Amino acid sequence: MYIIPLIFYIPNMVPAEDIAKSLIDINPKLDKELLVKTLVFVINAHEGQLRKSGIPYVTHPTSVAKTLAELKMDTAVIAAGLLHDVVEDTEYSTKQIQEKFGTEIAEMVDSVTKISDIQKGIDRTAKTFKKFLTYVSKRPQIIAIKLADRLDNMHSLEYLAPERQKAISEETLDFYAPLAHRLGLYSFKFELEDLAFKYLNPEEYAAIEHHLKLTKAEREEYIQSIIFPLNIKMNLEQLDCDIIGRSKHIYSIHEKMKARNCKIDELYDIFAIRIIVRQISDCYMALGYVHNLWMPLYSRFKDYIAVPKPNLYQSLHTTVIGPQGKLFEVQIRTKDMNETAEYGMAAHWAYKFNLKKEELEKNMDWVNKITVMQNEIPNSTEFLGFLHESLLPEDSYAWTPQGRKITLPLGASILDFAFTVHTDLGLHCLGARAAGKVLNIDAHIPVGETIQILQSDSQEPQETWLSIAKTPKAQNAIRHWLRKAMATQSEVLGQKIWRKELLNLKISKEGAPDDSEVCKAFNAQSINSFYESLGKGDIPLKDIYAFLKQYSEHSWAKLKIFNVFSSDSDTPMVIGHNERFLLNYASCCNPLPGDPVEGIMKSGKGIEIHKEDCKILNKIPQKHRLTLQWEAPESAVREQKCILRIEAADRVAIQKDIFNAIAKHNALVKKTIFESKEGRVNGRIDLQAFNSAQIKNIEQSLQTVAGIRKVIVL
């Protein structure tokens, strides 16, 4: 349980001078006179107020002040931390704070108060976080105040109702913990995550905590088996350093279990070794000594000293094979680097570093980036995604040919890189060239390499790109382009359907209703918006017929021609790849270009295409169907997923022969699964095909492969 020193529990029984002294003991450069003045004011302002736990309320601001002192914040920030609840919870105003403590402190208190106001009720919306970041961009130090405030509140969460516990914990895990990570405040991050996880998933938390307690002795013994030879090695080499072993935090262990789909006793890296040296050159010497003792995994080595993280974090990370064949991580850094790792950017905001304004602005560039994107991403859900992505650690980076460094979240693709460089480059991206290799758009960016994006004006975004893009900026640009393209194609398709209906009802151009009549009848702002709605399927075909019937030259009873609802038409409507966003291929029958097909209109989706003999289609009344005809084969190209199930006798090179048979017909293999057991092979192959004839030819070719017993096309 979290325990605040007695001096912070009973401030009304301890003189303000003593509380100020305890803060100065943490940070000797604080202004005692201002601290005492602020403490006296705060104690009086909160007199008689209690927390949910029953202890005096003033213990909260004094605890916040203690945390800020540990972060080496200056006296003004600590004073603002002491005063942060005064305007909200007492009769004093911001103006009175300004008169008594000055403009700088009053502005910080005002910003924290406004943030608290917009977060009442735990409003986890884009609007809330946008306002938060607006205040942060003006005074970054208030982040430290809010994080210290949230940390102390999380420690007293047990006194709130369960629904409030869950809501506050969700907000902490979604926003405040990633924010602490983004700032490099890892001690805040770990504590906030563990406290939030405790209330969001108490059973899992208790299970991991129980396991750690049971295995504590065994784990500490193993850590000592690593530290002991390390100490001997460093002493022999006369390298002055401190070596620490620590277990990882409960939430991070939970995340590893989830990511690897394993139990806690199957994890090998639930602890790490940290080596603290005196200077940068010693980091690399220590690294060599570690590798002398144990075999390293070079794929897991990271040099954050040469290339620091955006939150200023620096360290060497290496994973080695230790005693008993177990893997463990070693982090090597200087004392200053360790202080930055603990206190992050906050350490650089402290006056003792004398950080210049332009340097501070550079460190807070990510806040400015988020602020700009607020206007570019109006959709709340998309903005929250972008915000969360922006707060995550950025571990991948690469260079443009012009020498510009691009930093992206771990796992970002070549497509993300292209969109980060320029939106137009992303929209027409074909792939990239890096390290002498050509990479597809879905390849992960090669860390530290120079990447040249390959593009073509004929290349256009596909819906599948949304699953490839990992960054909100790229996803937002792709969605915007797709929406715009769909609107254009909806208009063209709507015109086709309209002209076809006029033709079927034998309505001449002169006898057709004018645009104003059409817009009035269908409540459209313009004829183009009418066509767009028609193409999307938002206007039922029966309504079109009912409206146009009055303009027909003959009554419906006397007409013996086909109309757009009938599947017996001699003049079907031609469809092709130009309507690719509005042609939805029914999963019940999986039609391909070249198959005899019919369509039905789906609101917001355009035409849903079925095979003529589809059982689902036959349940739909004939008058609601649309007769369709494919464009010429050379222009009707569509990527279509096809699944092959293969049963074969197991033999040498059976898989190679299967792939060769498929390759002869130019189909693309997207995914394969093969299992060999008791002399038999069962396989699944996901293909990208373009027409029925191609699939038929592949099936026939596979039947000729020696050993294959059955081929099933799904």
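Given the residues F271, F353, which is the only one that is open to solvent by 60 Å² or more (accessible area, probe 1.4 Å), modelled with pLDDT under 80, in contact with a helix residue (DSSP H, G or I) (Cβ under 8 Å, 6 or more places away or on another chain) and not β-branched (V, I, T)?
Details: F271 fails: open to solvent by 60 Å² or more (accessible area, probe 1.4 Å).
When all the criteria are applied, what remains is F353.
Here's a check for you: in segment 674-704, which residue that is of a type outside the set (G, A, S), under 22 Å from N590 (Cα atoms) and assigned to a strand (DSSP E or B) is modelled with the lowest pLDDT?
Keep residues of segment 674-704 that are of a type outside the set (G, A, S), which gives 674-675, 677-678, 680-682, 684-688, 690-691, 694-700, 702-704.
Remaining after also requiring under 22 Å from N590 (Cα atoms): 684-688, 690-691, 694-700, 702.
The next check asks that each one be assigned to a strand (DSSP E or B); those that pass are 684-688.
On the way: R684: 86, I685: 85, D686: 82, L687: 80, Q688: 74.
Only one residue fits best here, namely Q688.
For I4, state whether it is at pLDDT below 90 and either outside any helix (DSSP H, G or I) or of a type in the set (A, V, I, L, M, F, W, C) (or both).
Numbers: at pLDDT below 90: yes; either outside any helix (DSSP H, G or I) or of a type in the set (A, V, I, L, M, F, W, C) (or both): yes.
Yes; evaluated as a whole, the condition is true for this residue.
In segment 33-90, which helices (runs of 4 or more DSSP H) lie fully inside it and hold 2 or more residues that are open to solvent by 30 Å² or more (accessible area, probe 1.4 Å) and out of contact with any strand residue (DSSP E or B) (no Cβ under 8 Å at 6 or more places or on another chain)?
Values: elements: 59-70, 75-83, 86-89.
The qualifying helices (runs of 4 or more DSSP H) are 59-70, 86-89.
Residue-by-condition table, conditions (1) among the small types (G, A, S); (2) closer than 30 Å to M601 by Cβ; (3) in contact with a Cys (Cβ under 6 Å, 6 or more places away or on another chain):
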site: T407; (1), (2), (3): no, no, no
site: L410; (1), (2), (3): no, no, no
site: R433; (1), (2), (3): no, no, no
site: Q455; (1), (2), (3): no, no, yes
site: S458; (1), (2), (3): yes, no, no
site: Q495; (1), (2), (3): no, yes, no
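Regarding L644, is this residue over 16 Å from Y585 (Cβ atoms), at pLDDT below 75 and hydrophobic (A, V, I, L, M, F, W, C)?
In short, no.
Determine which single condition G448 fails, assuming it passes every other condition in (1) open to solvent by 30 Å² or more (accessible area, probe 1.4 Å); (2) assigned to a helix (DSSP H, G or I).
(2)
Take Y313 and decide whether it is out of contact with any strand residue (DSSP E or B) (no Cβ under 6 Å at 6 or more places or on another chain) and either outside any helix (DSSP H, G or I) or at pLDDT 90 or above (or both).
Working: out of contact with any strand residue (DSSP E or B) (no Cβ under 6 Å at 6 or more places or on another chain): yes; either outside any helix (DSSP H, G or I) or at pLDDT 90 or above (or both): yes.
When the stated conditions are applied, Y313 passes them.
What do you reckon, is A667 at pLDDT below 75, surrounded by 15 or more Cβ atoms within 10 Å (Cβ to Cβ) and under 41 Å from the mean Cα position of the chain (by Cα)? Steps first, please.
Details: at pLDDT below 75: yes; surrounded by 15 or more Cβ atoms within 10 Å (Cβ to Cβ): yes; under 41 Å from the mean Cα position of the chain (by Cα): yes.
Yes, satisfied.
I'd like the residue in segment 456-466 that is at pLDDT 85 or above and out of contact with any Phe, Trp or Tyr (no Cβ under 7 Å at 6 or more places or on another chain) and, out of all such residues, is most open to solvent (accessible area, probe 1.4 Å). Talk me through it step by step, then tell me what you get.
From segment 456-466, those at pLDDT 85 or above are 461, 465-466; that's our starting set.
Pick out the ones that are also out of contact with any Phe, Trp or Tyr (no Cβ under 7 Å at 6 or more places or on another chain) and you get 465-466.
Values: W465: 7, L466: 54 Å².
That would be L466.
Among what's in segment 316-330 and is assigned to a strand (DSSP E or B) and open to solvent by 10 Å² or more (accessible area, probe 1.4 Å), pick the residue that is modelled with the lowest pLDDT.
First pass over segment 316-330, keeping only residues assigned to a strand (DSSP E or B): 316-321, 327-330.
Subset that is open to solvent by 10 Å² or more (accessible area, probe 1.4 Å): 317, 321, 327, 329.
Working: H317: 92, I321: 88, L327: 83, E329: 89.
Step by step, filter segment 316-330, then rank; the result is L327.
Quick one: in segment 589-603, of everything that is within 17 Å of I544 (Cβ to Cβ) and open to solvent by 10 Å² or more (accessible area, probe 1.4 Å), which residue is modelled with the lowest pLDDT?
Step by step, filter segment 589-603, then rank; the result is S603.
Can you tell me how many residues in segment 7-32 are under 17 Å from D152 (Cα atoms), at pLDDT below 55 and either surrounded by 20 or more Cβ atoms within 10 Å (Cβ to Cβ) or aliphatic (A, V, I, L, M) (or both)? Working first, answer last.
Kept after step one, since they are under 17 Å from D152 (Cα atoms), are these residues of segment 7-32: 7-11, 23.
If we keep only those that are at pLDDT below 55 as well, we get 7-11.
After this cut, where a residue has to be either surrounded by 20 or more Cβ atoms within 10 Å (Cβ to Cβ) or aliphatic (A, V, I, L, M) (or both) as well, the list is 7-8, 10-11.
So the count comes out to 4.
The values are calculated or read from the model by the stated rules, or taken from the named source; none is laboratory data. In this text, all values refer to a predicted model and were calculated from it rather than measured experimentally. So basically every Cβ, Gly included, is an ideal-geometry build from the backbone, and we count neighbours across all protein chains shown. Areas reflect the complete protein model, heavy atoms only, side chains present, ligands, DNA and RNA absent. Shrake-Rupley method; radii C 1.70, N 1.55, O 1.52, S 1.80 Å.
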